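Report on the structure given below.
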Amino acid sequence: MSTEGGTKAVVAALAANTGIAITKFGAFFVTGSSSMLSEAIHSVADSGNQVLLLLGGRRALRDADEQHQFGYGRVRYVYAFVVSIVLFCLGGLFSLYEGWHKVHEPEALTSPTVAFVVLSIAIVLEGFSFRTAVREANNTRGPQSLFAFVREARQPELPVVLLEDAGALVGLLFALLGVTLATITGDGRWDGVGALSIGALLLVIAVFLALEMSSMLVGESAVPAQTAAIHAALVSEPLVSRVIHLRTLHTGPDEILVVAKIAVAHGDSATAIAAAIDGAEARVRAAVPEARWIYLEPDLDRGESLPAASSPGSPQ
């Protein structure tokens, strides 16, 4: 997956959310709408999140050192996890509080026309950001649905931006509906209901993001297509009779650790085996460029095949 595509989507989202936040705060001061304030805080949270994602991407570029021998790629997951916490606390909880307050102490809206205009502008800008994220995702997701792409992606930036932008668009519709009903009925509680809906939506997205990012932090394997390509590359080496077992781990969004035990013939010399290992590594890197760290262990072919998903501690 292209890091450049993720960065482009993040920058587009940052530009859109910064402009939206400014206009929403202006509309809130004019109208006093809780839905508008919730949306303004939501946009501030999103803008801060995009800054965090860009910072995480930059810090992940540091070279490997003695303490972090596989590099700093997972830093991007750490920052994406922080994004989910910010979205949960600053976006979701604040919106729920503001909505609860407005439902219990309703106030009539002033100048609702301003709110309608700002919300319409925000929908257009968020739509632009969402379209950019979808377009970048389309370059790499293949036949997957967007939801499957978000679940399976190992790069955090695009899934985060996709969920944030989708949530922002739905939240804007909630805000628009709340302001509309409050204007038509003259009952300010509808504005509070809009804020409560926005808060609930943000909490759901934040929890989902936190679960996905925590799974990446723990360590996820390569996607099935990459694992299959690595296996095929290994067995395509003439002196490798089969793959006894194969393990993969993402050390970063664009870096994969590959560990495999390969079977060789009884009569192969040490020189031939060394050449086979070199050849197999070259084939794996050609098939899956993200395979940065490759460790292959040769073993005699005893005709015993272990499932690819067997425990690493299983007897060999």
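Rule-based calculations on the coordinates, nothing more; no lab input. Since the model is a prediction, treat every value here as computed from it, not as a measurement. Please note: Cβ atoms are built from the backbone with ideal geometry, for glycine as well, and neighbour counts cover all protein chains shown.
A few points about this structure:
- The magnitude of the dipole of the chain, with charges of +1 and -1 set on the Cβ of Lys/Arg and Asp/Glu and taken from the Cα centre, is near 240 debye.
- Partners for LYS102 among lysines (Cα-Cα distance below 20 Å; same-chain residues under 8 apart left out): LYS24
- Order of THR185, THR18 - criterion: other Cβ atoms within 10 Å of each residue's Cβ, fewest first: THR185, THR18
- For ILE244, the residues whose modelled amide H falls within less than 5 Å of its own, excluding neighbours fewer than 5 places apart on the same chain, are LYS261, ILE262, ALA263.
- Here the 3J(HN,Hα) profile of region 55-60, calculated from phi with Karplus coefficients 6.51, -1.76 and 1.60 at θ = phi - 60°, is 5, x, x, 5, 5, 6 Hz, Gly and Pro shown as x.
- HN-Hα J in Hz across region 261-275 - Karplus 6.51, -1.76, 1.60, θ = phi - 60°, x for Gly and Pro: 9, 10, 8, 10, 6, 4, x, 5, 7, 4, 5, 5, 5, 4, 5
- Alpha-carbon centroid distance for the pair region 241-304 / region 144-219, whole angstrom: 43
- FRET E, pair VAL204, THR18, Förster distance 25 Å, beta-carbon r, rounded to 0.05: 0.50
- Whole-number D in µm²/s for region 63-169 (Stokes-Einstein; Kirkwood sum over Cα pairs; 4 °C, 1.567 mPa s): 76
- Extension gain, SER236 back to TYR295 (0.36 nm per residue minus Cα-Cα distance, nm): 19.6 nm
- Between VAL259 and VAL11, the simple spin-label model (points 7 angstrom out along Cα→Cβ) gives 3.8 nm.
- Neighbour-count ranking [beta-carbon atoms within 10 angstrom, fewest first] of TYR77, TYR97: TYR97, TYR77
- The label-point distance for VAL124 and TYR97, in a model that sets each label 7 Å from Cα toward Cβ, rounds to 3.4 nm.
- Packing-based exposure ordering (other Cβ within 10 Å, fewest first) of ILE277, ILE85: ILE85, ILE277
- The residue among SER129, GLY192, ILE230 whose Cα reaches farthest toward the positive pole of the charge dipole of the chain, with charges on the beta-carbon of Lys, Arg, Asp and Glu, is SER129.
- For the chain, the longest principal axis of the Cα atoms and the long axis of helix 75-86 meet at an angle of about 30 degrees.
- Stokes-Einstein D (µm²/s) once Rh is taken as the Kirkwood radius of region 224-300 over alpha-carbon pairs, at 10 °C in 1.306 mPa s: 129
- Descending by average beta-carbon neighbour count within 10 Å, the peptides 166-172, 68-74 line up as 166-172, 68-74, the highest first.
- Backbone geometry of region 187-203 corresponds, through the Karplus equation with coefficients 6.51, -1.76 and 1.60 at θ = phi - 60°, to 3J(HN,Hα) couplings of 9, x, 5, 4, 5, x, 4, x, 5, 4, 5, 4, x, 4, 4, 5, 5 Hz, x marking Gly and Pro.
- Cβ-Cβ FRET estimate between ARG135 and LEU173, R0 fixed at 25 Å, reported to 0.05: 0.70
- Formal net charge of residues neighbouring SER95 (Cβ-Cβ distance under 15 Å; K, R +1; D, E -1): -3
- For region 57-144: relative contact order, % (alpha-carbon pairs under 8 angstrom, 6 or more apart): 14
- Taking the C-alpha atoms only, the angle from helix 112-141 to the longest principal axis of the chain is near 10 degrees.
- Angle between the chain longest axis and helix 224-235 axis [Cα atoms, degrees, rounded to 10]: 10
- In units of the compact-protein estimate 2.2 N^0.38 Å, region 3-218 shows a Cα radius of gyration of 1.07.
- Computed E for ALA274/LEU249 - FRET, C-beta separation, R0 30 angstrom, nearest 0.05: 0.75
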